[in-house]
Amino acid sequence: MTAGTDLPTLNLSRVFILSTNETCSASEAVINGLRGIDVEVNLIGTTTCGKPFGFYPQDNCGETYYTIQFQTTNDKAFGDYADGFLPTNSSVQFGVRVPGCQVADDLTRELGDRNEALLAAALQFRTNGTCPAQPAGAVIEKEAAQSIFGLPLEPPAPNVMEINYDMTMPSGNTGAR
């Protein structure tokens, strides 16, 4: 392309994003960026992870630290989605609500299969603005947060910095002579 030439556009007025609790960072930046230029974003799936922040890794004494150094924002200066984006019918309390449907990921069907739960919900929502009925007692967000691919999540064991946070000198030893 020649410098100063406009990039090609798709001229879309709305998009459908299929999401899970592992939809993070750059994917959320796309959602937020499109919302910032008034493209209608419809979210089909579960709440995104919530990562509007960025960092540059910093090495110090053999350890690498990832401290938050900036927050991304869209063209309307919005970037407060640390609790993620969630479909309007989600039972989750916190997050930025976006038009769409809460639907559990369906790993039993191939991508592109019109019967796969997320794609089927997106097609239904596109056609008539309704969401598929959820099974009785479904707790989609809780199940998504408690496991990845059916494996239970367990917190990592604390490292030495987490259990040795008291860096004060023992009493009676002030170091003064």
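Of all residues in region 28-49 being out of contact with any Phe, Trp or Tyr (no Cβ under 6 Å at 6 or more places or on another chain) and in a loop (DSSP other than H, G, I, E, B), which is nearest to residue 134 (Cα to Cα)?
46
Starting from region 57-77, keep only residues that are over 24 Å from residue 28 (Cα atoms) and part of a strand (DSSP E or B), then list their pairs with residues that are of a type in the set (Asp, Glu) and at pLDDT below 95 whose Cβ atoms are within a distance under 8 Å, requiring at least 6 positions of separation or different chains.
Listed pairs, sorted by first residue: none to list.
Please work out which residue is surrounded by the most Cβ atoms within 10 Å (Cβ to Cβ), limiting yourself to region 92-123 and to residues that are assigned to a loop (DSSP other than H, G, I, E, B) and within 16 Å of the chain's Cα centre (by Cα).
Applying the filter and picking the extreme gives 103.
Could you tell me how many of the residues in region 61-83 are of a type outside the set (S, T, N, Q) and under 16 Å from residue 34 (Cβ atoms)?
Count: 6.
Could you pull out the residue among 36, 50, 54 that is surrounded by 15 or more Cβ atoms within 10 Å (Cβ to Cβ) and more than 13 Å from the chain's Cα centre (by Cα)?
Among 36, 50, 54, only 36 is surrounded by 15 or more Cβ atoms within 10 Å (Cβ to Cβ) and more than 13 Å from the chain's Cα centre (by Cα).
I'd like to verify a number: residues in region 1-27 that are out of contact with any Lys or Arg (no Cβ under 6 Å at 6 or more places or on another chain), surrounded by 15 or more Cβ atoms within 10 Å (Cβ to Cβ) and assigned to a loop (DSSP other than H, G, I, E, B), how many?
So the count comes out to 3.
Examine region 140-153 for a residue that is modelled with pLDDT of 60 or more and more than 15 Å from residue 45 (Cα to Cα), and state whether such a residue exists.
Initial filter on region 140-153 (modelled with pLDDT of 60 or more): none.
Checked against the condition, which is being modelled with pLDDT of 60 or more and more than 15 Å from residue 45 (Cα to Cα), region 140-153 yields no hits at all.
The values are calculated or read from the model by the stated rules, or taken from the named source; none is laboratory data. Because the structure is a prediction, the values reported are computed rather than measured. Cβ coordinates were reconstructed from backbone atoms using ideal geometry, including for glycine residues, and neighbour counts include every protein chain displayed.
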